[in-house]
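S.K.: This is the structure I want to talk about, given as structure tokens.
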Amino acid sequence: MKNRQVAKILYEVADLLELQGVNFKPRAYRRAAQAVESCPTPIEELVAEGKLSELPGVGKSIAEKITEIVRTGKLAYHEELKKELPVDLYALTQVEGVGPKTAKLLYEQLGVRTLEDLERAAKEGRIRNIKGLGAKTEEKILRGLAEARRTEKRELLGYALPLARQLCRKLEKTGLFRRIQPAGSLRRGRETVGDLDLLAISDQPEAAASAFVSLPEVEEVLAQGPKKSSVRLSGGLQVDLRIVPEESFGAALQYFTGSKAHNIRLRERAVSRGWKLNEYGLFDREGKRLAGETEQDIYRALGLDFIPPELREDQGEIQAAERGELPKLVSLKEVKSDLHVHTNWSDGKATLEEMAQAAQTKGLAYIAVTDHFRFSQAIHGLSEEDLERQIDEIARLNEKLSGFRILSGVEANIQRDGSIDVPERLLRKVDLVIASVHSHFHLSRKEMTGRLVRAVEHELVDVLGHPTGRLIGERPAYEADWEEVFFRAAKAGTFLEVNANPQRLDLSAPMVRAAIEVGVRIVIGTDAHALDHLDFLELGVVTCRRGWAEKKHVLNCLPWEELLAMRKRGK
Ligand code: DGT
Ligand code: CA
Ligand code: CA
Ligand code: ZN
């Protein structure tokens, strides 16, 4: 049972409860589902260790339900609710334009249970005849179906990356591999991956392939051989393993890292010199091998600086490499801090001290604690008095800590009109103010732009949190004139966040690139609500790298005193 499958059941429970008109509970289930989905630890482990309640949003009752799912593969409560609506609600509601209510209507009127049923009904023009839906909805559903198909089987990087590492570690331990490493979109750091591509060198390829297909994570063996094997894991993800000769490892790594578009450009370059480039190596006219053992050799032979995998998207990287103008990308070890951390003062799971210790153990020099300011019943935020007390508590802890600093902060809410819901007195008192949109997502483009501009121009707002509000695979970025928002943020000296939560990665990589081009400074925050969420920092760094960001663009690379001096109010 994988986290994703558990989450799916919880999401369905939320939708089914919502259909029954139940209040609050759906939200609780959705939050728990999200926590399970984005938790890097396998859910079985948490159950076995009795650690479920460490997940944000998971209380005793939902923890029991999760345990039941992990133990039995299903949930009686879910099956009971599902009698009312025996359809693949999770898949159907992934389609934009289909919420639980529409799904119910479609089932009752047209017997739609699956995505295939939905597609047929939409194509045959039967949806437009349903009262309350109409031709517009039908069109929207058709568009939504195409989009859902494209993202349906993609896995979040935040889930796939630890998984890929775990598989490689297990295989290394067999002693059958001289080398093994991930390639493909995972190595490029794409926010979602379609499948995993592992590349290896082995002196016993048959035995190595056999070890691979025998991994406990494997559900189905699609192919097995000394050169290529493919499996499907129980979570549904496909993994390809290719075993290649040592002399062509670099060429294979280059080829299978992609992207396809980048490879095509690179091959054109080889061809224009009368050479041939493929997964076996770079060869001249006579078939003599020019390079192949390492990627560096290949790029060098083609007259290019080494191009980091994150840039290989055919977005100008080859021209830049030719001119020696590639950015010197920011790296994880240069990052000294996590600038968006929650604690149990609001909806986080760990104490201030635990969070600080965990961050220090990870090698960080400081964090900003930015708990939610009160804003809804469901998310218990800080009151004014809480925040004052927390600031004092942080000051006390800072005296105790050595070689580590906690910055006090707050995650304020940007209200519909762009104003900030924390009193000015408190905004002045904390070290770092993140302002985020947590409500009214569906404004007109003009209104949303005005709202965000007002927030970034607020003299006491330091950071715009998860700026576009997108949730990968669930909710698109809200409509706004981003160019305008970036421009105004740069001008005002307000930083933009790269929120490193696996489902957010917001700003996205292309947006990071656009933002730094107009002079915006970036801060990375994991939005951690539990200790192991601090590991998401790497995803934020990867997103910055894909956005061509250098150390100078990412303020987490500064010592804390210098970061504070960079704030507009620090000047
Ligand atoms: P994914 O799996 O959809 O997230 O994306 P990738 O990039 O991992 O794509 P995948 O797994 O289909 O193939 C791995 C790499 O192999 C891809 O990035 C580039 C290379 N590759 C695959 N097919 C072709 C091709 O037809 N031409 C070239 N030049 N390269 C290819
Ligand atoms: Ca792949
Ligand atoms: Ca593949
Ligand atoms: Zn947050």
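The values are calculated or read from the model by the stated rules, or taken from the named source; none is laboratory data. This one's a predicted model, so the numbers in the text were calculated from it and none came from an experiment. For neighbour counting, all protein chains shown are included, and Cβ atoms are generated from backbone atoms with ideal geometry for every residue, glycine included. Only protein heavy atoms, including side chains, enter the accessible area calculation; ligands, DNA and RNA are left aside. Shrake-Rupley method; radii C 1.70, N 1.55, O 1.52, S 1.80 Å.
S.K.: Hey, what's the Cα Rg ratio for region 87-174 versus the globular rule of thumb, 2.2 N^0.38 Å? Kindly include the intermediate steps, with their values, before the conclusion.
M.R.: Details: Rg = 17.9 Å, N = 88, 2.2 N^0.38 = 12.1 Å.
That works out to 1.49 for region 87-174.
S.K.: What size of dipole, in debye to the nearest 20, comes out for the chain about its Cα centre when the only charges are +1 on Lys and Arg C-beta atoms and -1 on Asp and Glu C-beta atoms?
M.R.: 1000 debye
S.K.: Turning to a different aspect of this structure: May I ask which residue of SER234, SER337, THR351 lies farthest towards the positive end of the charge dipole of the chain, with charges of +1 (Lys, Arg) and -1 (Asp, Glu) on Cβ and the Cα centre as origin?
M.R.: SER234
S.K.: Counting Lys and Arg as +1 and Asp and Glu as -1, what is the net charge of the other residues whose Cβ lies under 13 Å from the Cβ of GLN224?
M.R.: Details: positive: LYS227, LYS228, ARG232, ARG242; negative: GLU206, GLU220, ASP240.
Result for the neighbourhood of GLN224: +1.
S.K.: So, with a 1.4 angstrom probe, what is the percent of accessible area on the chain that is carbon and sulfur?
M.R.: Its accessible area is 47 percent carbon and sulfur atoms.
S.K.: Which one, LEU46, VAL98, ALA122, projects farthest toward the positive side of the charge dipole computed for the chain from Cβ point charges (K/R +1, D/E -1)?
M.R.: Checking the options against the dipole of the chain, the answer is ALA122.
S.K.: Separate question: So with the 1.4 Å probe, I'd like the accessible area per residue for the chain, rounded to whole Å².
M.R.: Details: 25090 Å² over 571 residues.
Heavy-atom SASA per residue in the chain reads 44 Å².
S.K.: A follow-up question, please. Rounded, prolate or oblate: which fits region 290-406 when a ≥ b ≥ c are the square roots of the eigenvalues of the alpha-carbon gyration tensor, with rounded for a/c under 1.5 and prolate only if a/b beats b/c? Show your work: numbers first, answer last.
M.R.: Values: a/c = 4.00, a/b = 2.66, b/c = 1.50.
Judged from the Cα gyration tensor, region 290-406 comes out prolate (a/c at least 1.5, a/b above b/c).
S.K.: Counting alpha carbon pairs within less than 8 Å and at least 6 residues apart, what relative contact order, in whole percent, applies to the chain?
M.R.: On the way: 1094 pairs, mean separation 58.0, N = 571.
About 10 percent, as a whole number.
S.K.: Based on the Cα coordinates of region 248-323, what is the per residue volume of their convex hull in Å³? Intermediate results must be reported in sequence, preceding the final value.
M.R.: On the way: hull volume 5.2 nm³, N = 76.
Per residue, the Cα convex hull of region 248-323 comes to 68 Å³.
S.K.: Heavy atoms only, probe 1.4 angstrom, no DNA, RNA or ligands counted: give me LYS568, LYS140 ranked by accessible area, highest first.
M.R.: Most to least solvent-accessible, the answer reads LYS140, LYS568.
S.K.: Select from LEU110, THR67, SER185 the residue farthest towards the positive end of the dipole of region 50-192; place +1 on Cβ of Lys and Arg, -1 on Cβ of Asp and Glu, and compute about the Cα centre.
M.R.: Of the options given, the answer is SER185.
S.K.: Tell me, what is the 1.4 Å probe accessible area of PHE24, in Å² to the nearest 10?
M.R.: Answer for PHE24: close to 150 Å² accessible.
S.K.: For GLU37, GLU562, give the ranking by accessible area with the largest first, probe 1.4 Å. Mind showing how you got there, number by number?
M.R.: On the way: GLU37 20, GLU562 100 Å².
Reading off the accessible areas and sorting them downward yields GLU562, GLU37.
S.K.: What does the charge add up to near GLU191, with Lys and Arg as +1, Asp and Glu as -1, over the other residues with Cβ less than 12 Å from its Cβ?
M.R.: Working: positive: ARG154, ARG188, ARG190, ARG470, ARG504, ARG546; negative: GLU155, GLU310, ASP506.
Residues close to GLU191 contribute a combined charge of +3.
S.K.: In addition: Heavy atoms only, 1.4 Å probe, whole protein assembly: order LYS228, LYS60 by accessible area, highest first. Kindly include the intermediate steps, with their values, before the conclusion.
M.R.: Working: LYS228 90, LYS60 160 Å².
Solvent-accessible surface, decreasing: LYS60, LYS228.
S.K.: Now for a different question. How compact and how long is the chain, expressed as Rg and Dmax of its alpha-carbon atoms in Å?
M.R.: 25.1, 78
S.K.: Rounded, prolate or oblate: which fits region 41-190 when a ≥ b ≥ c are the square roots of the eigenvalues of the alpha-carbon gyration tensor, with rounded for a/c under 1.5 and prolate only if a/b beats b/c?
M.R.: Values: a/c = 3.13, a/b = 1.57, b/c = 2.00.
In terms of gyration-tensor shape, oblate.
S.K.: Enter the accessible area of ILE9 (Å², nearest 10), with the probe set to 1.4 Å and all protein chains included.
M.R.: 20 Å²
S.K.: Rounded to the nearest 20 Debye, what is the dipole magnitude of region 332-570 about its Cα centre when Lys and Arg each give +1 and Asp and Glu each give -1 at the C-beta?
M.R.: Details: 31 positive and 37 negative charges, 131 e Å.
Value, rounded to 20: 620 debye.
S.K.: Evaluate the charge dipole of region 2-151 about its Cα centre and quote only its size in Debye, nearest 20, assuming +1 on the Cβ of each Lys and Arg and -1 on the Cβ of each Asp and Glu. Please list the in-between numbers first.
M.R.: Values: 27 positive and 23 negative charges, 81 e Å.
It works out to roughly 380 debye.
S.K.: Taking the alpha-carbon distance from LYS349 and a cut-off under 30 Å, which lysines remain once sequence neighbours fewer than 8 residues away in the same chain are dropped?
M.R.: Qualifying lysines at Cα under 30 Å: LYS2, LYS8, LYS25, LYS51, LYS60, LYS65, LYS74, LYS333, LYS336, LYS362, LYS400, LYS429.
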